[in-house]
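What follows is a single structure, written as C-alpha cells, with notes after it.
The values are calculated or read from the model by the stated rules, or taken from the named source; none is laboratory data. What you see is a predicted model; the values in this text were computed from it and never measured. Reconstructed Cβ throughout: ideal geometry from the backbone, glycine too, with neighbour counts over all protein chains shown.
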Amino acid sequence: MENRSWVMEDWETRFKHKIRTADMAISTIRRGDKVFIGSGAAEPQILVKALIESAGRLADTRIMHIMTLGVAPYTEEKFTDQFRHNAFFIGANTRQAIAEGRADYTPVFLSEIPELFTSGQSSIDVAFIQVSTPDKYGYCSYGVSTDVVKSAAESATEVVAEVNARMPRVLGDCFINMKDIDYVVPVDEPLLTLQWEPADDVAKSIGRNVANLIDDGSTLQMGIGAIPDSVLHCLGDKKDLGIHTEMFSDGFMDLAESGVLNNSKKTLHPGKTIASFCLGSEKLYDFVDNNPSIEFHPTEHTNDPFIIAQNDKMVAINSAIEVDLSGQVCADSLGPMFYSGIGGQVDFVRGAARSKGGKPIIALPSTAKNATISRVVATLKLGAGVVTSRGDVHYVVTEWGVAYLHGKNIRERAMALISIAHPKFREGLLEQAKKLNYVYEDQILPETGIYPEELKTTMKTGDGTELVVRPIRATDEEMMSDMFYDLSDQTIINRFFSMLKSMPHRRLQEFCCIDYEDEMSLVVIHGQSPRRKMVGVGSYHLNPATNRAEVAFLVADAWQGKGIGTFLMQSLVKIAKSKKITGITAEVMRDNVAMIALMHKAGVPPKSIQVDGGYLFRMDF
C-alpha cells in the first residue's frame with residue numbers, strides 16, 4: 001500500500017508529548033477497566049498484543065467491540081480471570097468463546113450502539129483505536145472504520161490511538177483531533193484485509209434474482225460475501241446507482257470505476273457514496289483514500305432508519321440463516337447458539353421499507369450443509385432468534401426465485417416460500433404447513449418442476465403499455481381469481497364452453513401448480529408489486545400419446561384486442577418447439593371470432609375441422 005507520510009507535517013515533533021510505546025500506553029489500564037477495541041480492519045493489533053502481554057497484572061478487564069478481523073486472544077480460556085469480552089456483533093474470532101460461555105453477546109441494533117456509549121449505559125474507560133496520521137490542523141481520520149469507533153472514542157475517559165502511516169485518510173464525519181487523543185503509538189503496518197471464496201453457482205443465481213429487483217437510480221446497501229458480490233457482478237447494465245451502506249466493499253469499488261455507481265440520482269447526499277466502514281483488499285483501501293466522492297459517517301447516521309428512508313428507491317440486501325413459513329427471519333443464531341449479531345439488518349430493512357420505491361430484500365441459499373438441510377423451514381429451530389420480524393419482511397430471495405411477503409396472509413406466505421425452497425424439500429414443507437393449518441388441506445404441491453425464470457419477458461401493447469409475461473406460479477392463485485371474477489359472461493363461455501359461476505381454490509390450484517414440462521402457462525401481469533393485476537393467461541397441456549399440446553387462452557375484457565393473445569400464442573409455440581412437441585391443437589367455439597383469428601397468427605399454418613358447436617384447429621411444427 002502507498003505510504004501516506006505526505007500528510008505527516010512532522011506531526012511527531014508537534015505531538016511528541018503524547019507519543020508512547022505500546023507497552024507504555026497499556027500501562028495506564030487498571031484492573032476492572034472497560035476497554036473498547038476498534039473495529040474491522042482498523043483493529044489496533046499492536047495495542048491488543050501489548051494488552052495480552054500485560055495480562056499478568058490485570059484482572060476483570062472488560063473488553064467490548066463489534067466484529068474485528070484480527071485475533072482475539074483475550075477470549076482464550078487461560079485468560080478467564082484477566083479478561084471478559086462482550087461482543088456487540090460476533091465474529092469468527094470470538095464465536096467459540098461466546099458459545100462456551102467465556103464471553104458475552106449483546107443483541108442490539110447497530111444504529112443504537114453509539115447511544116449505549118454516549119449515555120454511559122456501556123461506559124468506556126479506555127478506547128483503543130487506529131487512525132491515520134494527522135493533517136496540518138491536527139486531525140486524524142478514523143480511516144477504514146468510523147462505524148461505532150467515533151462514538152466510543154468520544155465517550156471514553158481515555159483514548160489510546162495507533163497512528164498508522166498506512167491508514168487511508170477517508171473523508172466525511174470521521175475525524176478526531178490529536179488534542180482528543182491521550183496517548184499515541186506510531187506504527188507503520190499493513191491493514192488487515194479480507195477476501196472471500198469465489199461465488200458458486202448458487203450464489204450467482206441468487207445474485208441474478210436480486211439484481212432483477214434493482215431499478216436504475218436505486219441506492220444500495222449490502223454486506224460482503226459471495227452473495228453480495230454476485231449481486232454486484234450482475235449490475236453492469238444498470239444506470240445511476242448510489243450507495244448508502246454500512247460497509248463499502250471491493251464490489252462497490254468496481255461498479256464505481258465502471259461508472260454504473262455514480263450517486264447522481266440520490267435524494268440524500270447526492271453525488272456521494274455514504275458508508276461507515278470498509279473491508280476488503282489493499283486496492284480498496286487505496287481507493288477510499290482522500291476520495292472526495294466517498295464519505296464515511298458513524299453508524300448513528302448511516303444506520304438510522306429515518307435517515308435511510310430519505311433515499312428514494314433504497315434497496316437493502318441482507319442475509320439470513322433461516323426463514324420460516326410465516327416470514328420470520330433468523331440471522332444471528334444457529335438455534336440457541338449465537339453466530340453473528342443483529343447488526344444493521346433491521347435498521348436497513350425498516351429504512352428501505354419506508355423509502356419511496358424502496359425494497360428490503362433478504363437473500364439466502366435455499367439449503368445448507370451440502371444441500372442436506374433446508375434454510376426455508378416450517379418453524380425456526382428451538383432457541384433461534386428472530387432478527388427481522390414477519391411484519392418487517394418484504395422480499396425473500398433464494399436461487400429458486402423471489403417471494404414477496406409484505407401484506408400477505410400466512411397461507412400466501414407459506415406458498416410463496418415453499419415455491420422458492422429447494423425442490424427436494426417442498427413436499428415436506430407443504431405437509432408441515434398443512435399440519436400447522438397454514439394452507440388448504442387439499443393444497444397440491446406448487447411447482448413440482450424447476451421454475452423457468454429464463455422464460456420471463458416483457459411485451460408492449462399497441463398503446464405502449466409494458467406488460468410482464470412469465471410462467472405461472474402457485475402464488476398467482478389470488479390474481480387469477482380476481483381476473484376470473486372480472487370477466488364478462490361471454491368471455492367465460494368462450495374460454496370454458498359453459499357459464500361458470502365460480503372458480504374455487506380446488507380448481508384454481510390446478511391452473512397454478514404445474515410441472516413446466518408437460519404443462520406450461522404464461523401469465524400477463526400489469527403493474528408492479530404490490531399493485532399487480534393479471535390481465536391474460538395462455539396455456540398448453542401435452543398429450544404424451546400424440547406428443548401434441550392443447551392450447552387455451554384467456555384475456556381480461558378490458559385488455560382484449562391489444563395483441564396479448566397473439567404474443568401468448570407465439571410464445572407458447574416457441575416453447576413447445578424447444579421441448580420437441582410436434583404440434584398444437586385448440587378447440588374454439590364457432591362464434592369466437594377473435595380466437596379463430598388468433599389461430600392464424602401462430603406462425604404455423606392451421607388446419608381445422610368442424611366439431612359440435614365449433615372448430616378443432618391443428619397445427620404441425
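Overview of results
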quantity: Matching residues, segment 572-599, being out of contact with any strand residue (DSSP E or B) (no Cβ under 6 Å at 6 or more places or on another chain) and in a helix (DSSP H, G or I); calculated: V573, K574, K577, S578, V593, A594, A597, L598
quantity: Condition met for H85 (under 29 Å from L284 (Cα atoms) and either at pLDDT 95 or above or not hydrophobic (A, V, I, L, M, F, W, C) (or both)); calculated: no
quantity: Failed item, numbered, when K266 is tested on (1) within 28 Å of T68 (Cα to Cα); (2) in the same structural domain as A371 (by TED's automatic domain parsing); (3) in contact (Cβ under 8 Å) with a residue 40 or more places away in the chain; calculated: (1)
quantity: Restricting segment 160-190 to residues that are touching a residue at least 40 places away in the same chain (Cβ under 8 Å) and acidic (D, E), the residue that is nearest to V126 (Cα to Cα); calculated: D182
quantity: Test: residue in segment 348-367 that is more than 15 Å from the chain's Cα centre (by Cα), modelled with pLDDT of 95 or more and closer than 16 Å to S111 by Cβ; calculated: yes
quantity: Given (1) in the same structural domain as K574 (by TED's automatic domain parsing); (2) within 31 Å of the chain's Cα centre (by Cα); (3) buried (at least 17 other Cβ atoms within 10 Å of the Cβ), index of the condition T458 fails; calculated: (3)
quantity: Where a residue in segment 133-153 is more than 12 Å from E300 (Cα to Cα) and not assigned by TED's automatic domain parsing to the domain that holds G344 and its partner, wherever it lies, is in a loop (DSSP other than H, G, I, E, B) and of a type in the set (D, E, K, R), with Cβ under 6 Å and at least six apart; calculated: K136/E9; S141/R169
quantity: Selection count, segment 200-225, where residues are more than 17 Å from K456 (Cα to Cα) and either surrounded by fewer than 19 Cβ atoms within 10 Å (Cβ to Cβ) or of a type outside the set (A, V, I, L, M) (or both); calculated: 10
quantity: Every residue from segment 71-92 that is surrounded by 18 or more Cβ atoms within 10 Å (Cβ to Cβ), under 21 Å from W196 (Cα atoms) and within 27 Å of the chain's Cα centre (by Cα); calculated: F89, I90, G91
quantity: Residue match in segment 542-561 (condition: in a loop (DSSP other than H, G, I, E, B), over 37 Å from the mean Cα position of the chain (by Cα) and of a type in the set (A, V, I, L, M)); calculated: yes
quantity: Scope segment 368-393; condition over 24 Å from Y105 (Cβ atoms) and either polar (S, T, N, Q) or surrounded by 24 or more Cβ atoms within 10 Å (Cβ to Cβ) (or both); matching residues; calculated: N370, T372, S374, V376
quantity: Segments classed as strands (runs of 3 or more DSSP E), wholly inside segment 282-350, with at least 3 members that are closer than 21 Å to M253 by Cα and in contact with a helix residue (DSSP H, G or I) (Cβ under 7 Å, 6 or more places away or on another chain); calculated: 314-319
quantity: Pair list, Cβ under 6 Å, 6 or more apart: segment 533-547 residue assigned by TED's automatic domain parsing to the domain that holds K574 and farther than 15 Å from I575 by Cα, other residue outside any strand (DSSP E or B) and not polar (S, T, N, Q); calculated: K533/G527; M534/M479; M534/M480; M534/M483; V535/A556; V535/W559; G536/I564
quantity: Of residues in segment 93-131 being assigned to a strand (DSSP E or B) and surrounded by fewer than 24 Cβ atoms within 10 Å (Cβ to Cβ), the one farthest from the chain's Cα centre (by Cα); calculated: A103
